[in-house]
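Accompanying notes for the structure given below.
The values are calculated or read from the model by the stated rules, or taken from the named source; none is laboratory data. These numbers were taken from a predicted model, which means no experiment stands behind them. Quick reminder, even Gly has a Cβ in these numbers, built from the backbone with ideal geometry, and neighbours come from all protein chains shown.
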């Protein structure tokens, strides 16, 4: 199978991905990503979670999350409000760790979303102040739902 993806929704660079069964071993796949070639055992697929929605593939493996954007889809414009945070997938808000007016540093966990029996930490992409919480613990949210509004810190 051949695919073409972007690393971000606004990226111009297209990366070719090819997945084929490896001729030398049953249950092994040769995965080519750009110039890099990997072999992936079928058994590892049992330790991953992935889903495709609207031209975007999200893959979770060994505690990390990777996103790929279908190159055949139109590029999305860069977000105009940096710091607005959206649910990466459908799930349930199990913990809200911040309050409006709270100053946070980049990487601070703002809330935890449970999806597909896994916990997703939603973190601050930059230093800023939480101006609005748009969800509460126990809320069910769909992919793309705005959860938190974070205003960037203005240096003086």
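Looking only at residues in segment 123-141 that are part of a strand (DSSP E or B) and closer than 9 Å to residue 93 by Cβ, the one that is nearest to the chain's Cα centre (by Cα) is 141.
Could you please give the count of residues in segment 68-95 that are part of a strand (DSSP E or B) and either modelled with pLDDT under 70 or under 17 Å from residue 128 (Cα atoms) (or both)? Talk me through it step by step, then tell me what you get.
Taking segment 68-95 and keeping what is part of a strand (DSSP E or B), we get 68-70, 84-86, 91-95.
If we keep only those that are either modelled with pLDDT under 70 or under 17 Å from residue 128 (Cα atoms) (or both) as well, we get 69-70, 84-86.
Count: 5.
Evaluate segment 38-54: report whether one residue or more is exposed (fewer than 13 other Cβ atoms within 10 Å of the Cβ), at pLDDT below 65, outside any strand (DSSP E or B) and at positive phi. Yes, some residue in segment 38-54 is exposed (fewer than 13 other Cβ atoms within 10 Å of the Cβ), at pLDDT below 65, outside any strand (DSSP E or B) and at positive phi. Residues that are part of a strand (DSSP E or B) and closer than 22 Å to residue 58 by Cα within segment 96-117 comprise 109, 110, 111, 112, 113, 114, 115, listed in sequence order.
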